[in-house]
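Some notes on the structure that comes next.
The values are calculated or read from the model by the stated rules, or taken from the named source; none is laboratory data. Model, not experiment: these values are computed from the prediction. Reconstructed Cβ throughout: ideal geometry from the backbone, glycine too, with neighbour counts over all protein chains shown. Protein only, heavy atoms only, side chains kept; ligands, DNA and RNA dropped before computing areas. Shrake-Rupley method; radii C 1.70, N 1.55, O 1.52, S 1.80 Å.
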Amino acid sequence: MFPSRSKMKVKILNWHAVASWTWDAQDETCGICRMAFDGCCPDCKYPGDDCPLIWGACNHSFHLHCILKWVNSQTSQPHCPMCRREWQFKAWEQRRRGFQLETPGQC
Amino acid sequence: MTSSSAPSRKALSKIACNRLQKELVEWQVNPPAGFKHKVSDNLQRWVIEVNGAQGTLYANETYQLQVDFPEHYPMEAPQVIFLNPAPLHPHIYSNGHICLDILYDSWSPAMTVSSVCISILSMLSSSTAKQRPADNDRYVKNCRNGRSPKETRWWFHDDKV
């Protein structure tokens, strides 16, 4: 071994950052259209912000576009397609609290 | 037989088409026990063979279900009827119409052909008497001009069978 006393200077010329994302849903696919959550609903072209997921108060999630089609097609009080509870959109505050409970230690 | 009178035959929407293709693939990989999809190139009408479960009144009997999908499936329920001859069952009319809430009021877009088939087999299996519904003749007469069971206002009063 040759312990080196000289310090090497490294100059970074260029770098590429790569990130991946995924929805934090319990299922892999939307129970309505059966397409992957990491993909988009059949009406959309791009996943992500263009075709977001939405949670119900019952914690079931769907593509926003899919659940809206279902809710709007019901003449009486709509129910969650998975558990039949009265469908209500989960409030963002509730959802965030859920996050904090699930992932302690992350700020 | 009036069963071939299809509901308004509007072509399947893109969403319906997409979902049915997925359901078909899923069925081929993992078909529900006791059922056989009769191969056809018609995605909008499936004909499915049902085998009565062993140890039930319908053991060793085979029936055929006809499933017609509406334009906006799965936001709307499919029309499901038995082709002639329909099994003798207190909730199945002689014209093949089935009194089962999930096919009408209680439909949910999370249900699939496969889950509907399982519900129908379960309904057959829990039957304790091979008989027609009490109002069979009156109902069937009312449906003579090919009315779809989806136009019927059903009363779901019996949760035992």
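In plain terms, if you count all Cα to Cα distances in the range B:1-84 and split them into 10 Å steps from zero, the share in each step is 16, 45, 30, 8, 0 percent. Computed over the Cα atoms of the protein assembly as shown, pair by distinct pair, the Kirkwood hydrodynamic radius stands at 21.6 angstrom. Solvent exposure of the protein assembly as shown amounts to 62 Å² per residue of accessible area, where only protein heavy atoms count and the probe is 1.4 Å.
Between chains B and A, what is the buried accessible area summed over both chains (1.4 Å probe, protein heavy atoms, nearest 100 Å²)?
On the way: alone 8820 and 9110 Å², together 16660 Å².
Counting protein atoms only, the buried area is about 1300 Å².
These residues, A:E28, B:E61, B:E151, B:E23, go from largest to smallest accessible area, 1.4 Å probe, as A:E28, B:E151, B:E61, B:E23. Solvent-accessible area of A:C51, all protein chains in place: 0 Å² (probe radius 1.4 Å, heavy atoms, ligands and nucleic acids excluded).
Per atom type, the protein assembly as shown shows carbon and sulfur on 52% of its accessible surface, probed at 1.4 Å.
Per residue of A:31-42, what is the mean number of Cβ atoms on other protein chains within 10 angstrom of that residue's Cβ? Spell out each step's value before the answer.
Values: counts 6, 7, 7, 11, 4, 0, 0, 0, 0, 0, 2, 7.
Averaged over the peptide's residues, the number is 4.
Applied to the range B:49-54, the Karplus parametrisation 6.51 cos²θ - 1.76 cosθ + 1.60 on θ = phi - 60° returns per-residue 3J(HN,Hα) values of 7, 10, 9, x, 6, 4 Hz, with x for Gly and Pro.
List the pairs from B:K10/B:K150; A:K45/B:K22; B:K38/B:K141 whose alpha-carbon separation is above 22 Å, in the order I gave them.
Details: B:K10/B:K150 16 Å; A:K45/B:K22 18 Å; B:K38/B:K141 30 Å.
From the list (B:K10/B:K150; A:K45/B:K22; B:K38/B:K141), the Cα-Cα distance tops 22 Å for B:K38/B:K141.
The reciprocal of the average 1/r between distinct C-alpha atoms defines the Kirkwood hydrodynamic radius, which for chain B equals 16.1 Å.
What shape does the range A:24-96 take by its C-alpha gyration tensor, where a ≥ b ≥ c are the square roots of the eigenvalues and a/c under 1.5 counts as rounded, a/b above b/c as prolate, and the rest as oblate? It comes out oblate by the Cα gyration axes.
So, counting K/R as plus one and D/E as minus one, what does the shell of residues with Cβ under 12 Å around B:Q66 add up to?
Working: positive: B:K38, B:R45; negative: B:E49, B:D68.
Taking every other residue near B:Q66 into account, the sum is 0.
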